[in-house]
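A.B. asks: This is the structure, below, for whatever I ask next.
Readers should treat all values here as calculations from the given coordinates under stated rules, not as data from a laboratory. All values reported here derive from a predicted model rather than from experimental measurement. Cβ placement follows ideal geometry from the backbone for every residue including glycine, while neighbour counts extend to all protein chains displayed.
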Amino acid sequence: MMKIILKAAAIYNLLWGAWVVLFPNHFFELVGMELPNLPMIWQGVGMIVGVYGFGYWWASYHPLKHWPIVAVGALGKLFGPIGFVGNYLQGIVPFEFFYTIIFNDLIWWIPFGYILLKVHKEQQWKLI
């Protein structure tokens, strides 16, 4: 199950990252948000998300051994929503940006949590 989760996350991240890099304004147009002044920053986010896809794919070969990749991804999926809420409450980003949080972060909390719980139960917390 862990291998399937990580391969699905890899494919999702690679596709989402490619979409954002190749079509940086498309998400904003879909949700009716103002287009970014500097789309290259949004493309940078797409590149980072895409790179995570490679990490998840490699981690899928031995999830318990490569748990740090999963842990870093899980932290990003935790801090992303926290950052969104903080920025939304300050009026920096509109609510429509929440759609990225749903699909990039929230839906992965349980699957990634499952993997990290499995690592904990197997006591695989070795860094090497």
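A.B. asks: Which label marks the calculated value of Cα Rg over 2.2 N^0.38 Å, given the options [x] 1.13; [y] 1.77; [z] 1.34?
C.D. replies: The calculated read-out lines up with [x].
A.B. asks: For segment 67-78, take each phi angle, set θ = phi - 60°, evaluate the Karplus expression 6.51 cos²θ - 1.76 cosθ + 1.60, and give the result in whole Hz per residue in order, putting x for glycine and proline.
C.D. replies: Ordered by residue, 3J(HN,Hα) equals 4, x, 5, 5, 5, 5, x, 5, 4, x, 6, 8 Hz.
A.B. asks: Now, a different point. Distance between Cα centroids, segment 43-57 to segment 60-99: provide it in whole Å.
C.D. replies: Centre-to-centre (Cα) distance: 13 Å.
A.B. asks: Please give me, ordered by residue number, the chymotrypsin sites (Phe, Trp or Tyr not before Pro) of segment 23-82 that lie in loop per DSSP and have at most 16 other Cβ atoms within 10 Å. Provide the component values of the computation, followed by the final result.
C.D. replies: Details: sites: 27, 28, 42, 52, 54, 56, 57, 58, 61, 79; in loops: 61.
Of the chymotrypsin sites (Phe, Trp or Tyr not before Pro), the ones in loops of segment 23-82 whose Cβ has at most 16 other Cβ atoms within 10 Å are 61.
A.B. asks: Also: Toward the positive end of the charge dipole of the chain, about the Cα centre and with charges on Cβ (Lys, Arg +1; Asp, Glu -1), which of 39, 111, 87 goes farthest?
C.D. replies: Looking along the dipole axis, the top candidate is 111.
A.B. asks: Quick one: if you stick a label point 7 Å off each Cα along the C-beta vector at residue 118 and residue 96, how many nm between them?
C.D. replies: 3.9 nm
A.B. asks: Under a point-charge model restricted to the Cβ atoms of Lys and Arg (+1) and Asp and Glu (-1), what is the dipole moment magnitude of the chain relative to its Cα centre, in debye to the nearest 20?
C.D. replies: Here the size comes out at about 720 debye.
A.B. asks: Could I ask something else about it? How much mean residue ellipticity at 222 nm does the chain get from its helices, if each DSSP H run of length 4 or more adds -39500 (n - 2.57) and you divide by all residues, to the nearest 500 deg cm²/dmol?
C.D. replies: Working: 6 runs with 92 residues, N = 128.
The helix contribution divided over the chain gives -23500 deg cm²/dmol.
A.B. asks: Can you classify segment 54-128 as rounded, prolate or oblate using the Cα gyration tensor, where a ≥ b ≥ c are the square roots of its eigenvalues, rounded means a/c under 1.5, and otherwise it's prolate if a/b beats b/c and oblate if not? Write out the running numbers ahead of the final one.
C.D. replies: Working: a/c = 2.95, a/b = 2.57, b/c = 1.15.
It is prolate, given that a/c is not under 1.5 and a/b is the larger ratio.
A.B. asks: Let me ask something additional. So what is the relative contact order for the chain, in percent, with contacts set as C-alpha pairs under 8 Å and at least six apart?
C.D. replies: This gives 28 percent for the chain.
A.B. asks: So how compact is segment 1-59: Cα radius of gyration and Dmax in angstrom?
C.D. replies: 13.0, 42
A.B. asks: Expected output is a single nm value to one decimal: the length gained when fully extending between residue 72 and residue 41, i.e. 0.36 nm times separation in residues minus the C-alpha distance. What is it?
C.D. replies: Gain in length upon complete extension: 9.0 nm.
A.B. asks: So for the pair residue 26, residue 65, with labels modelled 7 Å out along Cα→Cβ, what separation do we get in nm?
C.D. replies: With each label point 7 Å from Cα toward Cβ, the separation is 3.6 nm.
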